[in-house]
1. Ignoring ligands, DNA and RNA, what percent of the accessible area of the stretch 155-260 is carbon or sulfur (1.4 Å)?
2. Using a 1.4 Å probe, what is the accessible area per residue for the stretch 43-112, in Å²?
3. How high is the relative contact order of the chain, given as a whole-number percent (alpha carbon pairs under 8 Å, six or more residues apart)?
4. State the label only: which of (i) 23.1, 79; (ii) 18.6, 59; (iii) 18.6, 67 corresponds to Rg and Dmax of the Cα atoms in Å computed from the shown model?
5. Identify, among Val121, Ser60, Met87, the residue whose Cα sits farthest towards the positive end of the charge dipole of the stretch 36-121, taking +1 on the Cβ of Lys and Arg and -1 on the Cβ of Asp and Glu, with the dipole about the Cα centre.
6. Could you give the length gained by full extension between Lys57 and Met75, i.e. 0.36 nm per residue of separation minus their alpha carbon distance, to one decimal place?
7. How big is the charge dipole of the chain about its Cα centre, in debye rounded to the nearest 20, if each Lys and Arg gets +1 on its Cβ and each Asp and Glu gets -1 on its Cβ?
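The values are calculated or read from the model by the stated rules, or taken from the named source; none is laboratory data. Just so it is clear, the model here is predicted, and its values are computed rather than measured. Neighbour counts run over all protein chains shown; Cβ positions are idealised from the backbone, glycine included. Just the protein is used for accessible areas: all its heavy atoms, side chains included, with ligands, DNA and RNA removed. Shrake-Rupley method; radii C 1.70, N 1.55, O 1.52, S 1.80 Å.
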Amino acid sequence: MKITSRRQFLASALGISAVGCASAVAGKKAQFKISLAQWTINKELFSGKIDNLEFAKVASEHGYSGLEYVNQFFMDKAKDRKYLSKMKKLAHDHGVESVLIMCDKEGNLGDPDKKKRIAAVDNHRKWVDAAEFLGCHSIRVNAYSEGSYDEQASLAADGLARLVEVGEKQGINVIVENHGGYSSDPEWLISVMKKVNHPMCGTLPDTGNFRIKDGVSYDSYRGVKLLMPWAKGVSIKSNVYDGHGNSSPMDFERMMRIVVDAGWTGFCGIEFGGYAGLIDSRKKLENALAAVS
């Protein structure tokens, strides 16, 4: 798209329409693409206070336009088309978009044992199917492994490459979150991306997940900046890490400036604040996006 004005530039950078951008310039409330990560309300889901089938309603009622599912809340339903059809209909009825599925507890894609590594790939196939059926663009996976820095990078890349072959056939991206261990070192994760070298394998930069191990972390602001070229999603938390293992409240405007400057136009997923903070968390992110625009 040829950008011919500052207004069009802003619209392109934030993923909103020129009309929406005009509203921002005029001082009116602009609409940004903000999704709700299901883990934000994990306490209510685990306790049964909220059912997985109520997720779309909860997100919509609190002003979110996208859904980031977590497989743990419908672990036995990945192949249940009747159940998935209910999820799909509820998302449609409440006017929210199914964005991705965060997948855990399906084995390590970087397992040193080749049989276990391949089994982990096979375990994720059903989530690729579910993501396609629900209308998601990606599944989020972990890049856990064992061994040295380089060994883990090679093993994780092997498992991811095998899974990407599955996702490619169905138009589903396989994306890796910085989620502890070496995966929270963006330089390591970038080396994995380069080894896989596939356009449908990307990252899910999580602003608050740069703790590598106790007392060891990577600067969140620098980490997000490094991961954004491979990003197919962005996960927002309220705390960040420095390069010395210390956590502190995030400067939302500083972080969102990094995201916007990277040309991001997709959803930003909120994963902080809990159920009670759903509205405040969304407004905080909206205000930061408006400020940096």
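1. Of all accessible area on the stretch 155-260, carbon and sulfur atoms account for 46 percent.
2. 49
3. Relative contact order comes out at 17 percent.
4. Among (i) 23.1, 79; (ii) 18.6, 59; (iii) 18.6, 67, the one calculated here is (ii).
5. Checked the options; the winner is Val121.
6. Gain on extension, Lys57 to Met75, equals 4.5 nm.
7. Charge dipole of the chain: 900 debye, to the nearest 20.
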